[in-house]
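Below: one structure, written as structure tokens.
No lab work stands behind these numbers, since they all come straight from the coordinates. On a predicted model such as this, the values are computed, not experimentally measured, just so you know. Cβ placement follows ideal geometry from the backbone for every residue including glycine, while neighbour counts extend to all protein chains displayed.
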């Protein structure tokens, strides 16, 4: 349990925020000695920017390419959520897809979570294993194989899925055996796209 009466540690908070594109949660700030009163004061004076309830950003921290994804992931809950589907596809740079929302995957137990603007929440009943998650730019997201299966299942354009398979194989991130083993369990469309992607010259 953190001690909200302790002296604030700006260096510790900066260290946390610098790993998260300048963002930090109120819980993380409390862990660095910032009380609710201090957070409110610094937000009111402009030193911290309040993004939404429980999420802040250091005012002078430089912007970064995927900071909106980082913000959404932190807001939903970094301990149990991962960036997924087309958003993960984009972060992995496996296709040309441009997501129309930030996709985040949650445990089924959190399915009642209030939605956030421009965020698409997905749930899974099966816990993600170590092989299902990777990290990019400080963000936890679904692995290349899991991402490809997920986007194929939700109806992402065929050419984008095939491109993702080709790119992931060329980088050594997935194997034909892994894809053929898991694709059929996601339905006929996924299995068909997997075979098409594996046969791209």
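Just give me the residues in the stretch 144-201 being in a helix (DSSP H, G or I), under 24 Å from the mean Cα position of the chain (by Cα), more than 22 Å from residue 126 (Cα to Cα) and free of Cβ contacts under 8 Å to residues at least 40 places away in the same chain, in sequence order. 158, 159, 162, 165, 166, 169, 170 - these are the residues of the stretch 144-201 that are in a helix (DSSP H, G or I), under 24 Å from the mean Cα position of the chain (by Cα), more than 22 Å from residue 126 (Cα to Cα) and free of Cβ contacts under 8 Å to residues at least 40 places away in the same chain. Kindly check whether there is at least one residue in the stretch 41-64 that is under 28 Å from residue 161 (Cβ atoms) and in a strand (DSSP E or B). Looking through the stretch 41-64, none of the residues is under 28 Å from residue 161 (Cβ atoms) and in a strand (DSSP E or B).
Considered as a group, the residues in the stretch 168-181 that are touching a helix residue (DSSP H, G or I) at 6+ places or on another chain (Cβ under 6 Å) and farther than 16 Å from residue 134 by Cβ include one that is surrounded by the fewest Cβ atoms within 10 Å (Cβ to Cβ), and that residue is 176. Hey, any hits in the stretch 107-129 for a residue that's assigned to a helix (DSSP H, G or I) and more than 30 Å from residue 64 (Cβ to Cβ)? Yes, because at least one residue in the stretch 107-129 is assigned to a helix (DSSP H, G or I) and more than 30 Å from residue 64 (Cβ to Cβ). If you check 141, 74, 94 for being touching a residue at least 40 places away in the same chain (Cβ under 8 Å), touching a strand residue (DSSP E or B) at 6+ places or on another chain (Cβ under 9 Å) and either in a loop (DSSP other than H, G, I, E, B) or over 30 Å from residue 176 (Cβ atoms) (or both), only one passes: 74.
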